[in-house]
Amino acid sequence: MQGDAIPTIRFPNGAEVPALGQGTWNMGEKSSEAKREIESLRTGLDLGMTLIDTAEMYADGGAEKIVGEAIRGRRDEVFLVSKVYPWNASRQGTIDACEASLSRLGTERIDLYLLHWRGDHPLSESVEAFEALKASGKIGAWGVSNFDKSDMEELFDVPDGHNVAANQILYNLSRRGVEYDLLPFCQERHIPVMAYSPIEQGRILHHPELVRISKAYQATPAQVALAFLLERDGVIVIPKTSSAARATENRDAVSLDITDEDWGALDTVFPPPARKKPLEML
């Protein structure tokens, strides 16, 4: 099924990335799993899923080390995303955290560096640090994660806040609250949205209607769940897997062509929001 090209998303700075990438949450926690995790990421790269998302939080830097090993000798193929803890996101703390991430990743630059979620440090300090890192060439762009619409509006009021390049949020079939106002807000401003936990860590995969539809397309429920997000304008999907076979399965989701009728059936069991809901997080 790998005949279809992965669609691409353009960042405000002109960088073009695949709309289907790879996540690394929970990687780097067990040394016994390292070989499988590295193999899975490398398989994903071979298949064109060249955006890899990680964070200093994941396994306390362990995931960044796994990514660093996976991309060794292939750095120029990869669009690399990492994140800073909110309690590190002061002016100097952000710069220090970035340096530590660069060291673990074994690279001289991070393509997109995100504030993992809002903390106590003023957004103005974090943005000032991001802009300094960008000017020094240590990051290509910066963004945020787990920001609701009101947070984005506040960010836009901060000096240079309009340079935000992405917002990474919890978004999947069972978590559609962002479609009410946050997703449109980002789409209207051409700010890509990165959807983490796109299969709800597996919890939605046994839903009878999702299973029925996946069987109709000779696909898996996970592939249909990924295809749902890939249908959305400006959305980058970052499933995590430690299995090379599952990485291949994820890649094949781009070839699914679901009918409007079947999307409607999924809307019935996973309804879009009718009102504003607080942003959900995992």
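The values are calculated or read from the model by the stated rules, or taken from the named source; none is laboratory data. Given the structure is predicted, the values throughout are model-derived calculations rather than measurements. We place every Cβ from the backbone using ideal geometry, glycine too, and count neighbours over all the protein chains shown. The area values use the complete protein model at the heavy-atom level, side chains included, leaving out ligands, DNA and RNA. Shrake-Rupley method; radii C 1.70, N 1.55, O 1.52, S 1.80 Å.
Quick test of your reading of the structure: Gln168 fulfils all but one of (1) open to solvent by less than 10 Å² (accessible area, probe 1.4 Å); (2) assigned to a helix (DSSP H, G or I); (3) touching a strand residue (DSSP E or B) at 6+ places or on another chain (Cβ under 9 Å); (4) of a type outside the set (A, V, I, L, M). Name the failing condition by number.
(2)
Taking the options Gly143, Gly119, Gly137, name whichever one is assigned to a loop (DSSP other than H, G, I, E, B), small (Gly, Ala, Ser) and within 27 Å of Gly68 (Cα to Cα).
That would be Gly137, the only listed residue that is assigned to a loop (DSSP other than H, G, I, E, B), small (Gly, Ala, Ser) and within 27 Å of Gly68 (Cα to Cα).
Report every pair of residues separated by at least 6 positions or lying on different chains whose Cβ atoms are under 7 Å apart, first residue within segment 180-191 and touching a residue at least 12 places away in the same chain (Cβ under 8 Å), second part of a loop (DSSP other than H, G, I, E, B) and surrounded by fewer than 16 Cβ atoms within 10 Å (Cβ to Cβ).
Going by the 7 Å Cβ cut-off, the qualifying pairs are Tyr180/Pro273; Tyr180/Arg275; Tyr180/Lys276; Asp181/Lys276; Gln187/Asp233.
Just the residues that are more than 15 Å from the chain's Cα centre (by Cα) and open to solvent by 30 Å² or more (accessible area, probe 1.4 Å), please, taken from segment 16-42.
Those that are more than 15 Å from the chain's Cα centre (by Cα) and open to solvent by 30 Å² or more (accessible area, probe 1.4 Å): Glu29, Lys30, Ser31, Ser32, Glu33, Lys35, Arg36, Glu39, Arg42.
Looking only at segment 232-256, count how many residues are open to solvent by less than 20 Å² (accessible area, probe 1.4 Å) and in contact with a Phe, Trp or Tyr (Cβ under 8 Å, 6 or more places away or on another chain).
2
Within segment 253-282, which residues are in contact with a helix residue (DSSP H, G or I) (Cβ under 6 Å, 6 or more places away or on another chain), closer than 23 Å to Met194 by Cβ and of a type outside the set (A, V, I, L, M, F, W, C)?
Of everything in segment 253-282, those that are in contact with a helix residue (DSSP H, G or I) (Cβ under 6 Å, 6 or more places away or on another chain), closer than 23 Å to Met194 by Cβ and of a type outside the set (A, V, I, L, M, F, W, C) turn out to be Pro272, Pro273, Lys277.
Which pairs do you get when a residue that is within 14 Å of Leu226 (Cα to Cα), found in segment 254-277, comes within reach of a residue that is surrounded by 11 or more Cβ atoms within 10 Å (Cβ to Cβ) and of a type in the set (D, E, K, R), reach meaning Cβ atoms under 6 angstrom, with the pair 6+ apart or on two chains?
Sorted first by the residue in segment 254-277, then by its partner, the pairs are Val254/Asp4; Ser255/Asp4.
Do any residues in segment 214-231 that are surrounded by fewer than 16 Cβ atoms within 10 Å (Cβ to Cβ) have Cβ atoms under 9 Å from those of residues that are among the charged types (D, E, K, R), where the two are at least six apart or on different chains, and which pairs are they?
Correct list of pairs: Ala216/Asp262.
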